[in-house]
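Below: the structure, in structure tokens.
The values are calculated or read from the model by the stated rules, or taken from the named source; none is laboratory data. A quick note: this is a predicted structure, and the numbers were derived from the prediction, not measured. Cβ coordinates were reconstructed from backbone atoms using ideal geometry, including for glycine residues, and neighbour counts include every protein chain displayed. Ligands, DNA and RNA are excluded from the accessible area calculation, which covers all protein heavy atoms including side chains. Shrake-Rupley method; radii C 1.70, N 1.55, O 1.52, S 1.80 Å.
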Amino acid sequence: MKASLIAPNSPRWTEVLGRCRHDFYHLPGYVQVSAREDGGDACALLVEEDGRELLLPLVMRPLSDGLADATSPYGYPGPITSADADETWIERALSVGERYLAEQDTVTLFVRLHPLLNPSPPEGVGTVIQHGDTVTLDLTLSEEEQWRGIRRNHRQQIRQAREAGYQVFVDDGYRHYEDFQRLYLDTMRRLEASDYYLFDGEYFEGLRDALEERLHLACATISGEVAAAALFVETDCIVQMHLTGHAERFAKDQPMKLVFDHVRAWSNEHGATALHLGGGRGGAEDSLLHFKAGFSKIRQPFYTLRSVVHPDRYLRHMATVPDADPDDLSGPFPAYHRPEAG
């Protein structure tokens, strides 16, 4: 079994994607966009044996002493594997990957697992933390079954928004892309989100360049004004809701519900089999999850995997964080990346 780190421009990366079911989080261009936000370098861990493959996108975040932490890009970029790779092989491949990362001066490994592609977290590899649920629409169901699966008040408010004159459409010409960015940032500030989520214009342009025809913008307008909008991405028959935003003064009309339902209809028309809405803020069981759960009763848990691949160096860095317990991996990981840790 052989492990290596490959760069985004490596042809091997795209070759593996061509053989393994994946999501947009696994695309090299997307990992580069996320690496810029995380202040690191984009790469992927590739483990191979007898035709079987495991690919795990990573951002290598440098530490002051020349070492690095390996972390997942934003989203759900868990490992993807060959179709014939069973759970035992995957766990063995991840263990080999951990040892290889330690040899490459990596201190920790943090992985966000994919709720659809990694439904069963690996055993015997690092520490797995279960967060809140995520919500998925099964698009293999009939239109009637999908509509019935939407909560009654959601259906009513979708009808009311249409009757009130809201127009909803997919804006593939990106005429309202700047409007969306403004709505998104306004929404994040109202929610008092951390600065990490206040993406700048370079991030949004980077998304367009990296995702190309996979990226779409859905808008709900009233009297020509954008009231709610969402960025969504289609890859390998999976549609992901990525970022959303709405104008506060239209919130009583619930135009975002109209946007979500339109993305559902678009996904059906384009042959997708699953529409993944994600979960609550930070994986919590909160009002955002309740909103999303109104579109489907299907839930998948969201897991993260945390591993200390170089214990001695990890303890050295943890010593810089007052009152931190190096054995507790359940909080922000690694703890020395917290803002208060400098």
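Numbers below:
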| item | result |
| --- | --- |
| Unique match (being under 25 Å from L289 (Cα atoms) and in contact with a Phe, Trp or Tyr (Cβ under 8 Å, 6 or more places away or on another chain)) among D186, D171, D253 | D253 |
| Looking only at the range 206-236, and only at residues there that are farther than 18 Å from R264 by Cα and touching a strand residue (DSSP E or B) at 6+ places or on another chain (Cβ under 7 Å), the one that is most open to solvent (accessible area, probe 1.4 Å) | R208 |
| Number of the exception - R155 against (1) without any contact (Cβ under 8 Å) to a residue 12 or more places away in the chain; (2) open to solvent by 60 Å² or more (accessible area, probe 1.4 Å) | (2) |
| Tally, over the range 237-281, of residues that are open to solvent by less than 20 Å² (accessible area, probe 1.4 Å), in a helix (DSSP H, G or I) and polar (S, T, N, Q) | 1 |
| Subset of the range 164-214 (residues that are part of a helix (DSSP H, G or I), aliphatic (A, V, I, L, M) and without any contact (Cβ under 8 Å) to a residue 60 or more places away in the chain) | M188 |
| Only one of R313, R299 that is among the basic types (K, R) and farther than 17 Å from D138 by Cα | R313 |
| Hits in the range 19-53 (condition: more than 16 Å from the chain's Cα centre (by Cα), open to solvent by less than 10 Å² (accessible area, probe 1.4 Å) and farther than 12 Å from I6 by Cβ) | C20 |
| Residue among D312, D323 that alone is out of contact with any strand residue (DSSP E or B) (no Cβ under 7 Å at 6 or more places or on another chain), open to solvent by 60 Å² or more (accessible area, probe 1.4 Å) and not in a helix (DSSP H, G or I) | D323 |
| Test: residue in the range 59-66 that is open to solvent by less than 40 Å² (accessible area, probe 1.4 Å) and among the hydroxyl-bearing types (S, T, Y) | no |
| Residue within the range 116-123 that is open to solvent by 10 Å² or more (accessible area, probe 1.4 Å), among the hydrophobic types (A, V, I, L, M, F, W, C), assigned to a loop (DSSP other than H, G, I, E, B) and within 23 Å of P28 (Cβ to Cβ) present | yes |
| From the options D200, D172, residue that is surrounded by fewer than 14 Cβ atoms within 10 Å (Cβ to Cβ) and touching a His at 6+ places or on another chain (Cβ under 8 Å) | D172 |
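Every residue, every condition in (1) out of contact with any Pro (no Cβ under 9 Å at 6 or more places or on another chain); (2) surrounded by fewer than 23 Cβ atoms within 10 Å (Cβ to Cβ); (3) acidic (D, E), yes or no:
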site	(1), (2), (3)
P79	no, no, no
R92	yes, yes, no
T108	no, no, no
Q130	no, yes, no
